[in-house]
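Have a look at the structure below, then the notes.
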Amino acid sequence: MANARGFSRGIIVAEPEPVELDWSKTALVIIDMQRDFMEPGGFGETLGNDVSQLARAVKPISAVLAAARDNGIAVIHTREGHLPDLSDAPPAKIERGAPSLRIGDPGPMGRILIRGEAGHDIIPELYPLAGEIVIDKPGKGAFYATALDQTLQKHGIENLLVCGVTTEVCVNTTVREANDRGYRCVVISDGCASYFPEFHEMGLKMIKAQGGIFGWVADSAAVLQAIYPTTQKTLAAGASR
Ligand code: TIU
């Protein structure tokens, strides 16, 4: 199936090598762009992190999200969080370390990392549209204890464009899970961020090393270029639609 502009496939200039994707078999997976990680007073800050480090990923994700929506590429959002009774939160996760507030404690955006609370929701800039898939996950990986694999199979998805936060935690864990399940993963470098810039850098290197041991890495401009291969002409045509 061709996308809205007539391109059924695209080549992303990626590392360690270019990768050609069939857009009808590709999903954009946006990992955990939740207020709990992005804003002061949420889970990320309770762990002692500078949440302002993550803001840089929003614009690149927003641009790829718009292109995906415009071209009929499937969009999947994930959210890390737990049931209000904490039955899906392992004590080993809740009790770890010395955070300022623990998972389930009341904070300025509601209970920390609990489904249905304000802090658990996705930031307004990247809010899911009706009909987009939202996967709630209790762990760092989006496949663990979720229906993500079955959902992707049902939609015939073979390739994932992956972005979100944080690079070395939930993005890396999800990409590793996806790779073992046979999905081709292209991680959008500037669409990911970490509280630790050096972990962001190494998290991306780990994915693309050894001939792409877990997948490919490309920036948002390269992904957009692949979705709109004749950018100027195509965007101009789009503008006059
Ligand atoms: N702490 C941290 O870097 N990340 C997480 O706890 N979850 C996600 O990455 N979503």
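The values are calculated or read from the model by the stated rules, or taken from the named source; none is laboratory data. Quick caveat, the model's predicted, so the values are computed rather than measured. Cβ atoms come from the backbone with ideal geometry, glycine included; neighbour counts cover every protein chain shown.
Values computed for the structure shown
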{"read-out": "The stretch 28-44: number of residues that are part of a strand (DSSP E or B) and near the ligand (Cβ under 7 Å from one of its atoms)", "value": "1"}
{"read-out": "Condition check for residue 141: of a type in the set (Gly, Ala, Ser), under 30 Å from residue 158 (Cβ atoms) and under 14 Å from the mean Cα position of the chain (by Cα)", "value": "yes"}
{"read-out": "Cross-chain or 6+ apart pairs with Cβ under 6 Å, the stretch 86-103 first and without any contact (Cβ under 8 Å) to a residue 12 or more places away in the chain, then in a loop (DSSP other than H, G, I, E, B)", "value": "94/102; 94/103"}
{"read-out": "Residue match in the stretch 45-53 (condition: among the acidic types (Asp, Glu) and not in a helix (DSSP H, G or I))", "value": "yes"}
{"read-out": "Cβ pairs under 7 Å, 6+ apart, first in the stretch 1-29 and among the hydroxyl-bearing types (Ser, Thr, Tyr), second modelled with pLDDT of 95 or more", "value": "8/22; 8/23; 8/24; 26/73; 26/157; 26/159; 26/161"}
{"read-out": "Output for the stretch 57-74, where each listed residue is closer than 14 Å to residue 125 by Cβ and of a type in the set (A, V, I, L, M, F, W, C)", "value": "57, 58, 61, 63, 64, 65, 66"}
{"read-out": "Residues within the stretch 148-178 that are away from the ligand (no atom under 16 Å from the Cβ) and under 29 Å from residue 47 (Cα atoms), tallied", "value": "1"}
{"read-out": "Single unsatisfied condition, residue 162 versus (1) surrounded by fewer than 21 Cβ atoms within 10 Å (Cβ to Cβ); (2) modelled with pLDDT of 95 or more; (3) among the β-branched types (Val, Ile, Thr)", "value": "(1)"}
{"read-out": "Index of the failed condition, residue 229 passing every other in (1) modelled with pLDDT of 95 or more; (2) under 21 Å from residue 13 (Cβ atoms); (3) in a loop (DSSP other than H, G, I, E, B)", "value": "(1)"}
{"read-out": "Residue in the stretch 100-110 that is out of contact with any Gly (no Cβ under 8 Å at 6 or more places or on another chain) and either under 30 Å from residue 208 (Cα atoms) or aromatic (Phe, Trp, Tyr) (or both) present", "value": "no"}
{"read-out": "Candidates 41, 104, 72 - the one that is touching a Phe, Trp or Tyr at 6+ places or on another chain (Cβ under 8 Å) and not aromatic (Phe, Trp, Tyr)", "value": "72"}
{"read-out": "Where a residue in the stretch 43-58 is on the phi > 0 side of the Ramachandran plot and its partner, wherever it lies, is near the ligand (Cβ under 10 Å from one of its atoms) and in a helix (DSSP H, G or I), with Cβ under 8 Å and at least six apart", "value": "none"}
{"read-out": "Single residue of the stretch 94-118 satisfying the filter (among the charged types (D, E, K, R) and under 22 Å from the mean Cα position of the chain (by Cα)) that is nearest to residue 82 (Cα to Cα)", "value": "115"}
{"read-out": "Single condition residue 4 does not satisfy, out of (1) at pLDDT below 95; (2) buried (at least 21 other Cβ atoms within 10 Å of the Cβ)", "value": "(2)"}
{"read-out": "Test result for residue 130, farther than 19 Å from residue 41 by Cα and surrounded by fewer than 15 Cβ atoms within 10 Å (Cβ to Cβ)", "value": "yes"}
{"read-out": "Unique match (being in contact with a Phe, Trp or Tyr (Cβ under 9 Å, 6 or more places away or on another chain) and among the β-branched types (Val, Ile, Thr)) among 112, 122, 94, 133", "value": "112"}
{"read-out": "Looking only at the stretch 45-64, and only at residues there that are touching an Asp or Glu at 6+ places or on another chain (Cβ under 9 Å) and under 30 Å from residue 9 (Cα atoms), the one that is nearest to the ligand (Cβ to nearest atom)", "value": "57"}
